[in-house]
Amino acid sequence: MSDPTSSRFSTRLFAIVLPVAVAAILFQIEPFDPVMLPVRLDQSTVVVPTRNGHLRVGSEVVGKGHLDGPEDLAFDPQSRVVYTGCEDGWIKRVTVNDSAVDSVVEDWVNTGGRPLGLTLLHNGELIIADAGKGLLRVSSEKEIELLVDEFEGLKFKLTDGVDVAEDGTIYFTDASHKYPLKDAVLDILEGKPNGRFFSYNPATKKTTLIAQNLYFANGVAVSPDQQFVVFCESTLMRCSKYYVQGPKKGSIEKFCDVPGTPDNIHYVGEGQYLVAIFTAFTPELDFAFRYPFIRKVAAIVTKYVVNLPISKNGGFLVVDLEGKPTAHYYDPKLSLTSAIKIGNHIYAGSIEYPFVTRFDIEKYPALPTV
Ligand SMILES: *[C@@H]1O[C@H](CO)[C@@H](O)[C@H](O)[C@H]1NC(C)=O
């Protein structure tokens, strides 16, 4: 009985059996219940004629150490200031300079939540989709006003993207009514449509539900001709357009497929939208989306062990007025959540980084793929 070999053996066996047993029990009792997506994600249909797959080459960082996860960017060309929302609740003002290192960062106003999407109005007001607080308006005198944080009793849990039309209507998304920002990856792994897309009329203070059952509703952009509003769904890797005027008024149709998970989208002039991509569609994601139990395992690991690194080959996609992709910029080690154009540079925000990144796409352009 006191044979040391057998006791060492049983110790070793125990060391193997115990974690397996714990994992099996966790798998049984864990209520997380991922489902199949309504469509098979197929990226073979996304053909982009030009690309730059090494976007980090020649890139520069702006405001390093003064910005904690700058998610979205809004630019005021008059003052040359970029507004961005950070993890610590601060909306920061970044005065951009031709020289990246001479850009100046200052605290502007703290929402007390987690500001994500933001849009600057002509009168200096900022409209903010705050993940924790809801839809906010900040006056140029820094007064914060909550516009709305629920619809018909169902609270927003992850207010995410926003844009404002010329008539003043605010279009915005709640990525999930179920998971807060810190559990965003769980919403995506679950594969259920917890997202909604709304409009808000500031004159009547009325909120209108435009679309529900969306798969992580994210970025929003009003078309320059004011005919439609684009909104993106990260999980389904696509953006749709909702017609607000014209013969198709009220209908929704596909705008574009995205080679990865779209985040914020911005119209940047000259017939171009920039769609930020958090992560490309990797073989791992493809596998996980085909098998819900893999996503359950991934969720358990995320919840109890460690955050899984899921982002790879993020960047941004250039899309024309018709929704046709014209250029794809990415890098193996990049994850972006917003992209805007200032002069020759693209300035990009990321929830992952302590800085804004800028890219000189004239010097490092996307080149024809064939
Ligand atoms: C850029 O920064 C430098 C150094 O701080 C400053 O002297 C210069 O005026 C700035 N340029 C612009 C266009 O703001």
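The values are calculated or read from the model by the stated rules, or taken from the named source; none is laboratory data. Not measured: the values here are computed from a predicted model. Cβ coordinates were reconstructed from backbone atoms using ideal geometry, including for glycine residues, and neighbour counts include every protein chain displayed. When the accessible area is computed, the model is the full protein with side chains, heavy atoms only, and any ligands, DNA or RNA have been set aside. Shrake-Rupley method; radii C 1.70, N 1.55, O 1.52, S 1.80 Å.
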No Cys partner within the rule (Cβ under 4.7 Å), the chain: Cys86, Cys256
Highest-fluctuation residue, Thr119, Thr204, Thr279 considered, GNM on the chain with Cα pairs under 10 Å: Thr204
Contact order normalised by residue count of the chain, Cα under 8 Å, 6+ apart, percent: 18 percent
Protein-only accessible surface order, largest first, of Met36, Met237 at 1.4 Å: Met36, Met237
Under 17 Å from the Cα of Lys312 - aspartates and glutamates, other chains or at least 8 residues apart: Asp263, Glu284, Asp286, Asp331, Glu352
Largest to smallest accessible area among Arg12, Arg295 [probe 1.4 Å]: Arg12, Arg295
Kyte-Doolittle at least 0.5, axis length at least 20 Å by Cα - qualifying DSSP helices, the chain: 4-29
The chain, accessible area per residue, ligands and nucleic acids excluded (1.4 Å, Å²): 47 Å²
For the range 1-135, Kirkwood radius (reciprocal of mean inverse C-alpha pair distance, Å): 20.5 Å
Cα-derived Rg to Rh of the range 157-199, Kirkwood definition: 1.09
Reach of Lys133 by Cα under 20 Å, taken over lysines that are not fewer than 8 positions away in the same chain: Lys92, Lys142, Lys155, Lys157, Lys178, Lys182, Lys205, Lys206
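Based on the alpha-carbon set only, what is the convex hull volume of the chain divided per residue, in Å³?
Output value, Cα hull per residue: 176 Å³.
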Of Lys206, Lys296, Lys142, the one that fluctuates the most in a GNM where the chain has Cα springs shorter than 10 Å: Lys206
Percent carbon-and-sulfur accessible area, the range 225-289, ignoring ligands, DNA and RNA, probe 1.4 Å: 51 percent
Shape call, the range 306-355: gyration tensor on alpha carbons, a/c limit 1.5: oblate
Neighbour-limited loop hits for GluC sites (Glu not before Pro), the range 263-355 (at most 13 other Cβ within 10 Å; DSSP other than H, G, I, E, B): Glu270, Glu322
Pair-distance profile P(r), taking every C-alpha pair of the range 117-247, with 10 angstrom steps and integer %: 13, 47, 32, 8, 0
Gyration tensor (alpha-carbon) shape descriptor, the range 200-249, a/c threshold 1.5: oblate
